[in-house]
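**Student:** The structure under discussion is supplied below as structure tokens; questions concerning it will follow.
The values are calculated or read from the model by the stated rules, or taken from the named source; none is laboratory data. This is a predicted model, so every value here is computed, not measured. Every residue, glycine among them, receives a Cβ derived from its backbone with ideal geometry; neighbour counts consider all protein chains shown. We work out accessible area using only protein heavy atoms, side chains counted, and drop any ligands, DNA or RNA first. Shrake-Rupley method; radii C 1.70, N 1.55, O 1.52, S 1.80 Å.
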Amino acid sequence: MNKSELIEHIATQADISKAAAGRALDALIGGVQSTLKKSGSVSIVGFGTFAVTKRAARTGRNPRTGKAIKIKAAKVPKFRPGKALKDALN
């Protein structure tokens with residue numbers, strides 16, 4: 001499912017226009033992004049938790065040349081599914 005299909009699904013389920021569903025989805029994504037930028041976490045009960053983790057600097061290898069390269073430390077987003085989501089899938 002891509003973004004436009006998700007907007008269409010939201011519009012049908014919530015009985016709202018596609019434009020309103022698109023704005024709602026964009027607002028949700030924007031809220032999650034801004035919270036994660038501040039190193040916070042977003043918990044949606046029954047769905048899961050979005051959080052930021054730190055990845056340490058490490059030495060990698062260029063697959064083409066085999067030469068060792070340094071990979072910088074980075075912050076990466078992480079999603080941990082909630083119990084209700086896990087139960088719905090199994």
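**Student:** Counting heavy atoms of the protein chains only and a 1.4 Å probe, report the per residue accessible area for the chain as a whole number of Å².
**Tutor:** Per residue, the chain has an accessible area of 81 Å².
**Student:** Additional query: Based on the mean of other Cβ atoms within 10 Å per residue, sort peptides 36-43, 1-8 so the most packed one is first.
**Tutor:** So the peptides 36-43, 1-8, ranked by packing, come out 36-43, 1-8.
**Student:** How much of the accessible area of the chain, probe 1.4 Å, is carbon plus sulfur, in whole percent?
**Tutor:** Carbon with sulfur: 57 percent of the solvent-accessible area.
**Student:** Next question, about the same structure. Ordered by packing density, taken as the mean number of other Cβ atoms within 10 Å over each peptide's residues, highest first, how do 65-71, 24-30 rank?
**Tutor:** 24-30, 65-71
**Student:** Which one, Pro63, Val52, Pro81, is farthest towards the positive end of the dipole of the stretch 48-89 when Lys and Arg carry +1 and Asp and Glu -1 on their Cβ?
**Tutor:** Value computed over the given set: Pro63.
**Student:** With angles folded into 0 to 90 degrees, how steeply does helix 3-14 sit against the dominant principal axis of the chain? Use alpha carbons for both and round to 10.
**Tutor:** Rounded to the nearest ten degrees, it is 30.
**Student:** Pull up all non-local amide H partners of Gly48: gap of 5 or more, or a different chain, and H-to-H distance under 5 Å with H placed in the peptide plane.
**Tutor:** Amide H neighbours of Gly48, under 5 Å, 5+ apart: Gly82.
**Student:** On a 0 to 90° scale, report how tilted helix 18-37 is relative to the longest principal axis of the chain, with both axes built from alpha carbons and the result rounded to the nearest 10.
**Tutor:** 40 degrees
**Student:** Then there is this: Starting from the Cα of Lys54, draw a straight line to each of the aspartates and glutamates and keep only those under 20 Å, dropping any in the same chain fewer than 8 residues away.
**Tutor:** none
**Student:** Something else about it: Sequence gap at least 6, Cα distance under 8 Å: using those rules, report the relative contact order of the chain to the nearest whole percent.
**Tutor:** Across the chain, relative contact order equals 21 percent.
**Student:** What 222 nm value per residue comes from the helices of the chain, counting each DSSP H run with n ≥ 4 as -39,500 (n - 2.57) and dividing by all residues, nearest 500 deg cm²/dmol?
**Tutor:** Numbers: 3 runs with 39 residues, N = 90.
Rounded to the nearest 500, the figure is -13500 deg cm²/dmol.
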